[in-house]
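Structure first, then comments.
The values are calculated or read from the model by the stated rules, or taken from the named source; none is laboratory data. Quantities reported herein were computed from a predicted structural model and do not represent experimental measurements. Here the Cβ is made from the backbone with ideal geometry for all residues, glycine too, and neighbour counts use every protein chain on show.
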Ligand code: FES
């Protein structure tokens, strides 16, 4: 490579940038990230996903020692520019798009106004609650005197560049430098700017912050505190800490002008390695422990955590659902964000597609499909006969689809939504459907096992609380139709939003919350699904589309 090589970058907006390339052997992802163009490195830059794909328009790159010439689509995490190159970053690969962050929630539990940190009105009377999600992070500001929510701010977790799920981040943390970098990226690249934004929105100076409360899954709280999370990645999956923890801003290196280093920060307690403080906060804030009939809490994130309350007893499991319902690993999958297709109905005779995108972006400019659209598609395609029970396209129905909507170019059948859009054809392939069915089967089998263990059926549930961001956008009727919530009726389901954030807020407003959460933690029985009788059979049953 010559010493004056450049990466010329073309963004979807038409904006162009020119970035000098250093002589070190950094992959294209690192070069772009260093100049403020982070890509979606969802597999932790291991070459296993499509998240970091860019279009090589001019020049050539080296991939595993072989030269690849333009035009080509390349994984930026494996590509090293051989000379000056021109690349286009598709919107789906560019992580700067604003996520749809779950900032709303329902609190269904009585609480007293007795703040965790004693307020001094007008001087130290403000506190912040944080939900540290694997994908998104939300900071909420509250007035400790009035209990009023003052502002909220959300963004992607900047740790995404180390991988989009907890397993890849645990793997990355084996290297102490990465562990330190991941702590810095959640504390100073994510929470600190969000806190500043929330303070600005509420017109509250940081000097008035009396403290914070933080919820998150067990891995996120380990990384936040700079604690080695590697024991969470291997059996017997023992967390280094799981009880609530009182720290200071200085201890996690949260720094900002006006924020005292001794500002107290309360981490909420969790339950186990894969059932974290975010879920316990949800169990508490949803009020399910006070339900007189059995109830279920389902959080359909990557780990698909499920908690059953029956007669006051709590059992919980985490399903290895994977991130398919967050759009990850799918040909045109994307997280819920501006420009993503969020609703999608297909019908036959005549063939018709009906869709909606977040931000009302025209379909021709949509940057992918998010989980709710895939659920809609599975439900409607099965209902009209386009998909068979096993998730494959029905031969006769397939032939009836207009030719521009049928794709076979990747050696697999795929339905094209657009024929072609500016990002290439938006499509749903049989491989995508298989991955979605695996995620559905993991959650469906987890629900079955919890119910069977308690000796009750889905009809006995008084309420099913759907927690987390995915639940907010989901068409519940379609989720039920495809068997994602097996045997459950629509009238049983209550969408409760970001209950992790709700739990953190409750901890700030009522200091007795923490003690109650600690007691709850000890009451939850965790079921290891891989050891549960009948799990495999249930999983296989749920691989089918009803
Ligand atoms: S293939 Fe590059 S980040 Fe996954």
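The conditions are (1) in a loop (DSSP other than H, G, I, E, B); (2) crowded, with 18+ Cβ neighbours inside 10 Å, and residue 179 fails exactly one of them. Which is it?
So residue 179 meets the others, but not (1).
How do the pairs read when you match residues in segment 97-118 that are farther than 18 Å from residue 213 by Cβ with residues anywhere that are loosely packed, with under 13 Cβ neighbours inside 10 Å and at pLDDT 70 or above, using Cβ under 6 Å and keeping only pairs 6 or more apart or on different chains?
Nothing qualifies.
Among the residues in segment 225-239, are any at positive phi and in contact with a helix residue (DSSP H, G or I) (Cβ under 6 Å, 6 or more places away or on another chain)?
Yes: one or more hits.
Does segment 99-122 contain any residue that is within 11 Å of the ligand (Cβ to nearest atom), touching a strand residue (DSSP E or B) at 6+ places or on another chain (Cβ under 6 Å) and part of a strand (DSSP E or B)?
No.
Can you say whether residue 148 is at pLDDT below 90 and away from the ligand (no atom under 16 Å from the Cβ), as far as the supplied structure shows?
The answer is no for residue 148.
Could we say that residue 204 is surrounded by fewer than 21 Cβ atoms within 10 Å (Cβ to Cβ) and in contact with a helix residue (DSSP H, G or I) (Cβ under 8 Å, 6 or more places away or on another chain) here?
no
Inside segment 473-546, counting only helices (runs of 4 or more DSSP H) that do not spill past its ends, which hold 3 or more residues that are surrounded by fewer than 18 Cβ atoms within 10 Å (Cβ to Cβ)?
Fully inside segment 473-546 and qualifying: 512-523, 535-542.
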